[in-house]
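These notes are about the structure you will find just below.
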Amino acid sequence: MAKFGLLHSYLQQQGIAQPTNTFRPGKIKHSQLALAHCEQYVTAFASGLLDAQAQRRLGLPWSEGLVRRTFISPAGTLLAAHFALREGIACHLAGGTHHAHRDFASGFCVFNDLAVTARVLLEQQLATRVLVFDLDVHQGDGTARILADVPGTYTCSVHCEKNFPVRKAQSDLDVNLPVAMSDDGYLQVVSDTLMRLLRDYQPDFILYDAGVDVFADDPLGRLNISLQGIAARDALVLSMARDRNIPIATVIGGGYDKDQTAVARRHAICVEQAHRLFG
């Protein structure tokens with residue numbers, strides 16, 4: 001959990017996160033969570049009543065602190081989406097909990113901020129075609145299943161094929177990457193995929209999961225992407241949205257390392273690219 005505070009501190013040190021452009025969300029409304037999650041599951045988690053199997057599937061120990069944070073994080077992604085509609089770009093310094101399903105937690109993810117935000121944008125008629133563009137190294141299985149039958153949403157997951165989850169969901173578009181793929185091939189796939197989606201689906205809003213667990217030294221990654229490759233990827237995605245005047249909100253997604261400062265700085269890359277391109 002330390003990486004979240006370290007990420008904010010680093011961006012403050014760089015002069016990117018300032019009092020005038022940094023906002024703290026409150027808790028997500030239960031009515032908004034209900035668009036993507038069943039009430040019984042939400043209540044069980046909030047009350048600490050998940051059974052042992054559900055707890056193992058989550059992978060995190062239950063605590064009141066976890067509950068507090070978990071109800072705030074989806075609101076952060078939604079707030080970023082609202083700011084992106086106004087400014088063209090906004091970055092949430094958390095989020096990307098794409099393994100959370102409608103009625104169960106999985107892979108460190110409790111509530112699916114991407115699915116919640118997509119549903120709220122449609123419900124509030126702030127967007128009509130929301131693209132969830134997920135470049136976390138793991139497939140966004142929860143997002144794919146929650147939004148599978150939701151008109152006005154399109155889920156795309158570009159992920160390492162031989163990685164968690166073992167049983168993949170079916171996104172609207174899944175792009176499976178081979179183990180140890182490196183920068184050049186990866187950037188070409190990202191470019192070709194997003195170009196195709198912008199042409200064929202023509203989204204009017206993009207939710208971008210900029211997971212950095214694609215990094216070569218990430219213990220849960222299995223790809224071979226450099227820091228320069230991550231920066232080039234984020235610049236590519238953000239510039240393609242900017243050039244087409246499509247609002248884009250980013251979330252940090254996955255990133256793992258015993259050195260929490262190092263992983264926080266990897267998560268900062270997307271925000272740094274947003275600052276450079278939109279600042």
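The values are calculated or read from the model by the stated rules, or taken from the named source; none is laboratory data. Nothing here was measured: the structure is a model prediction, and the numbers come from that model. Glycine also receives a Cβ, built like all others from the backbone with ideal geometry; neighbour counts cover every protein chain displayed.
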Can you tell me which condition Pro25 does not meet? The list is (1) of a type outside the set (S, T, N, Q); (2) under 19 Å from His82 (Cβ atoms); (3) assigned to a helix (DSSP H, G or I), and all the others hold.
(3)
Screening Val158, Val137, Val116 for residues that are assigned to a loop (DSSP other than H, G, I, E, B), within 17 Å of the chain's Cα centre (by Cα) and β-branched (Val, Ile, Thr) leaves only Val137
So if I check each of Leu147, Leu173, which one is more than 22 Å from Phe108 (Cα to Cα) and surrounded by 15 or more Cβ atoms within 10 Å (Cβ to Cβ)?
Leu173
Kindly indicate which of Gly95, Gly107 is in contact with a His (Cβ under 7 Å, 6 or more places away or on another chain) and closer than 21 Å to Asp218 by Cβ.
Gly107
Considering only the stretch 252-279, state which residues are among the aliphatic types (A, V, I, L, M), surrounded by fewer than 19 Cβ atoms within 10 Å (Cβ to Cβ) and touching a residue at least 40 places away in the same chain (Cβ under 8 Å).
Leu277
Picking from Ala249, Ala231, the residue that is in contact (Cβ under 8 Å) with a residue 24 or more places away in the chain and either crowded, with 24+ Cβ neighbours inside 10 Å or charged (D, E, K, R) (or both) would be Ala249
Considering only residues of the stretch 63-82 that are surrounded by fewer than 18 Cβ atoms within 10 Å (Cβ to Cβ) and not polar (S, T, N, Q), which is nearest to Asn245 (Cα to Cα)?
Ile72
Assess whether Ile206 counts as being at pLDDT 95 or above, part of a strand (DSSP E or B) and surrounded by 15 or more Cβ atoms within 10 Å (Cβ to Cβ).
yes
Among the residues of the stretch 103-133, the number that are in contact with a Cys (Cβ under 6 Å, 6 or more places away or on another chain) and surrounded by fewer than 24 Cβ atoms within 10 Å (Cβ to Cβ) is 1
Residues located in the stretch 182-203, provided they are crowded, with 18+ Cβ neighbours inside 10 Å and in a loop (DSSP other than H, G, I, E, B):
Pro203
Looking at the stretch 170-197, which of the residues that are within 17 Å of the chain's Cα centre (by Cα) and without any contact (Cβ under 8 Å) to a residue 60 or more places away in the chain is nearest to Ala210 (Cα to Cα)?
Val190
Condition broken by Gly253, with the remaining ones in (1) assigned to a loop (DSSP other than H, G, I, E, B); (2) under 18 Å from His92 (Cβ atoms); (3) in contact with a Leu (Cβ under 7 Å, 6 or more places away or on another chain) satisfied:
(3)
Answer from Gly96, Gly65, Gly88 - the residue that is over 13 Å from the mean Cα position of the chain (by Cα), over 23 Å from Ala52 (Cβ atoms) and not hydroxyl-bearing (Ser, Thr, Tyr):
Gly88
From Leu126, Leu122, residue being in a helix (DSSP H, G or I), touching a residue at least 12 places away in the same chain (Cβ under 8 Å) and over 24 Å from Lys162 (Cα atoms)
Leu122
